Amino acid sequence: MLVVFGLLATVFARDAFFKVKKNAQFFDNVAVTKGYALDPNVSLALARESKDRFWAVHVWLGYIFCFLLVLRCVSIFESQKKTAPQEPRSLRLLYNLAYGIFIIMALSGLTLNLSANLNLSTDVHDWTHSLHEWGFRFVLGFAVLHLLGVLRAELGKQPGIVSQMIHGKKLQQIQNAAKKD
Ligand code: HEM
Ligand code: HEM
């Protein structure tokens with residue numbers, strides 16, 4: 001989850017601080033205040049390079065995301081063999097849809113990152129890019145809805161649901177253990 005927050009944060013930070021044209025203009029202005037002029041191609045190249053360096057954070061987080069997603073899918077598969085899912089069917093359906101989109105994000109992200117090595121045509125690259133962008137909108141929407149849902153459950157019918165997610169024990173188990181002590 002923290003990794004997904006990180007990935008979303010890199011997208012917002014890039015849009016806020018690493019716009020190529022805006023930064024190129026900024027470099028030009030700084031150069032003027034220092035008393036020299038930059039070739040416009042140089043300031044554009046500098047702005048592009050700084051954006052690419054920052055975007056490496058997104059790709060690193062992306063690889064961690066892929067690794068954790070594989071672990072999570074294996075653990076879900078294992079636990080479903082042993083016990084039936086505990087959530088209502090509609091919620092499980094939404095979670096499964098979310099996992100489907102996460103897998104699409106992982107595959108499209110990996111493809112985009114390796115596109116130069118894979119010799120992809122521009123059409124395939126552009127298509128994968130828009131798939132990745134649409135997935136981003138879903139992930140954002142899901143994250144907002146999910147946080148509202150969790151908050152509602154925590155304050156309403158399921159107090160302790162957040163700490164339960166952190167330590168993995170059900171509130172019932174904790175209360176029983178406390179009674180034994
Ligand atoms: C929940 C997961 C993810 C989200 C929400 C996300 C979001 C985004 C967004 C919004 C963009 C910008 C699209 C644009 O240029 O406007 C992007 C680009 C990119 N993402 Fe992700 N991403 C995720 C996972 C990944 C993963 C797993 C990888 C691969 C390791 C990855 C690699 C990339 C690359 C290489 C680009 C640049 C594409 C290009 O400009 O050609 N992303 N991502
Ligand atoms: C501080 C932020 C977050 C909190 C406190 C939180 C809390 C929770 C809780 C309590 C559950 C269990 C709900 C249930 O039993 O039905 C859950 C499940 C889940 N969360 Fe989050 N969440 C957070 C952020 C996120 C984010 C950013 C994502 C990804 C976009 C995410 C994806 C999921 C998914 C896919 C599940 C279903 C897990 C499963 O049962 O397989 N969460 N979360």
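When you look at ARG92, is it exposed (fewer than 12 other Cβ atoms within 10 Å of the Cβ), charged (D, E, K, R), without any contact (Cβ under 8 Å) to a residue 40 or more places away in the chain and not in a loop (DSSP other than H, G, I, E, B), yes or no? Full working, then the answer.
Working: exposed (fewer than 12 other Cβ atoms within 10 Å of the Cβ): no; charged (D, E, K, R): yes; without any contact (Cβ under 8 Å) to a residue 40 or more places away in the chain: yes; not in a loop (DSSP other than H, G, I, E, B): yes.
Judged against the criteria, ARG92 is not a match.
All of (1) more than 14 Å from ligand 2 (Cβ to nearest atom); (2) within 26 Å of the chain's Cα centre (by Cα); (3) at pLDDT 95 or above hold for ALA45 with one exception: (2). The condition of being hydrophobic (A, V, I, L, M, F, W, C) and within 15 Å of ligand 1 (Cβ to nearest atom) holds for only one of LEU151, LEU155, LEU97, LEU91, that being LEU97. When the test is whether a residue is under 16 Å from VAL139 (Cα atoms) and either under 16 Å from the mean Cα position of the chain (by Cα) or within 14 Å of ligand 2 (Cβ to nearest atom) (or both), PHE67 does not pass it.
Considering only region 147-167, I want to know if a residue exists there that is within 11 Å of ligand 2 (Cβ to nearest atom), surrounded by fewer than 12 Cβ atoms within 10 Å (Cβ to Cβ) and at pLDDT below 85. Yes: one or more hits. Whether a residue is in contact (Cβ under 8 Å) with a residue 60 or more places away in the chain and assigned by TED's automatic domain parsing to the domain that holds VAL11 was assessed, and LEU68 passes this test. Scanning region 97-128 for residues that are under 14 Å from GLY62 (Cβ atoms), surrounded by 14 or more Cβ atoms within 10 Å (Cβ to Cβ) and of a type outside the set (Val, Ile, Thr) returns PHE102, MET105, ALA106, LEU107, SER108, GLY109, LEU110, LEU112, ASN113, SER115.
The values are calculated or read from the model by the stated rules, or taken from the named source; none is laboratory data. These figures come from a predicted structure and were not determined experimentally. Using ideal geometry, Cβ is built from the backbone for each residue, glycine included, and neighbour counts are taken over all protein chains shown.
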